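For reference, the structure is listed below as structure tokens.
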Amino acid sequence: MRLAIVGSGAVGTSVLELAGGYGHDVVGVADSSSGAVDAAGLDPEAVRSRKHEQDTVGDGTPEDVLEADYDVLVEATPTTLGDAEPGFSHVECALERDRHVVLANKGPVAERYDDVRALEADSAGSVLFEAAVGGAIPVLSTIDDLNGQVTAARGVLNGTANFVLSRMAAEGLGYEHVLAEAQDLGVAEADPTFDVEGVDAALKCVILANVLYEDTYTLEDAEVEGIDDLPGSALELAAEDGRTIRLIGEVADGDVRVGPRLVPENGTLAVSGTLNIVQLETQHAGRLNISGRGAGGPETASAILADVGRLPSE
Ligand code: HSE
């Protein structure tokens, strides 16, 4: 497949570096202000050094990349709320040209799912978005494989919040201290607001609800509470009782909820560090647990490239 990648952060850069190993050519790469296009395939190292030295990926524009001759547009720009722009317009542009789209960006499928599906219905292209929920964990493809058997989903869907909670519980450290540590380690974004306020986990749950219920949920339909106001004493009290606290997202009975919840200290949901876990309730097969790395460049890129492999190639 010929890939065009929009977004040159950790995820877009990892797709550029790993695509060749999966048998694909990257024919275009864009960041927010520049673009590089080469029908013969771009050299990942040349793009990376150009970005490092000149803070641009090439001499072209992002529009040149959107108009390039690709089979799949990989959308890896930052998630935005509301109208989900500019990600939504990138999806629209590719589908109107009958090209496939693979998203890491949560915005278009969390905030404008019905618009995305309407565009897809009129296009020869398909839209896949495994990377938007739980990074490397194959959540959406598992739901798809189970053919409508999954009735509910819950789990830990934000690595930053989980790192903060597990460090606070294990070391007895305060919230601000651990959050600063997470930022120093590169675990948390420079602006971790979406992570600690529960918004990032809620967007993932909204996407799960859209897929499970084939409906149109948005962030406004979710009940969201973060961990930013959680006192350390709550974790100490929980530990006295053999329990701990995790930021749990849940999609069940038509509702979407995210908030800090008490879970058994050594239970399945008490994953540590930046790990994620998703529990799927099924009609005939009981509960499935899938755990792994929910964030990171190569991890998220592996989910994107798995989606590319699922697309029909002509
Ligand atoms: N910032 C997210 C996390 C990953 O910490 O899990 C991207 O959704």
request  = Among the residues of segment 45-88, write down those that are more than 22 Å from Gly296 (Cα to Cα) and of a type in the set (D, E, K, R).
outcome  = Arg50, Glu53, Asp59, Glu63, Asp64, Glu67, Asp69, Asp71, Asp83, Glu85
request  = Could you check Val278 against (1) outside any loop (DSSP other than H, G, I, E, B); (2) hydrophobic (A, V, I, L, M, F, W, C); (3) more than 16 Å from the ligand (Cβ to nearest atom) and say which number it fails?
outcome  = (3)
message = Restricting to segment 246-286, and then to whatever is of a type in the set (Asp, Glu) and touching a Lys or Arg at 6+ places or on another chain (Cβ under 9 Å), can you tell me which residue is most open to solvent (accessible area, probe 1.4 Å)?
response = Glu265
remark   = Those residues of segment 70-86 which are open to solvent by less than 30 Å² (accessible area, probe 1.4 Å) and either free of Cβ contacts under 8 Å to residues at least 60 places away in the same chain or under 17 Å from Val308 (Cβ atoms) (or both) amount to Tyr70, Val72, Leu73, Val74, Glu75, Ala76, Ala84
task = For segment 139-153, enumerate the residues that are within 16 Å of the ligand (Cβ to nearest atom) and either assigned to a loop (DSSP other than H, G, I, E, B) or surrounded by fewer than 24 Cβ atoms within 10 Å (Cβ to Cβ) (or both).
result = Leu140
request  = Being under 12 Å from Val258 (Cα atoms), part of a loop (DSSP other than H, G, I, E, B) and within 9 Å of the ligand (Cβ to nearest atom) is the filter here, so list the residues in segment 154-209 that pass it.
outcome  = Leu157, Asn158
task = Take segment 214-236 and flag every residue that is in a helix (DSSP H, G or I), modelled with pLDDT under 95 and open to solvent by 50 Å² or more (accessible area, probe 1.4 Å).
result = Ser233, Glu236
Subset of segment 244-264 [in contact (Cβ under 8 Å) with a residue 40 or more places away in the chain and either among the small types (Gly, Ala, Ser) or more than 11 Å from Gly155 (Cβ to Cβ) (or both)] = Thr244, Ile245, Gly249, Ala252, Asp253, Gly254, Val256, Arg257, Gly259, Pro260
request  = Scan segment 118-136 for residues that are out of contact with any helix residue (DSSP H, G or I) (no Cβ under 8 Å at 6 or more places or on another chain) and part of a loop (DSSP other than H, G, I, E, B) and jot them down.
outcome  = Ala124
Test result for Glu96, of a type outside the set (Gly, Ala, Ser), more than 16 Å from the ligand (Cβ to nearest atom) and free of Cβ contacts under 8 Å to residues at least 12 places away in the same chain = no
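The values are calculated or read from the model by the stated rules, or taken from the named source; none is laboratory data. For clarity, every value in this text was computed on a predicted model and none was experimentally measured. Note that each Cβ is placed from the backbone with ideal geometry, even for glycine, and that neighbours are counted across all protein chains shown. All accessible areas refer to the heavy atoms of the entire protein, side chains included, with ligands and DNA or RNA removed. Shrake-Rupley method; radii C 1.70, N 1.55, O 1.52, S 1.80 Å.
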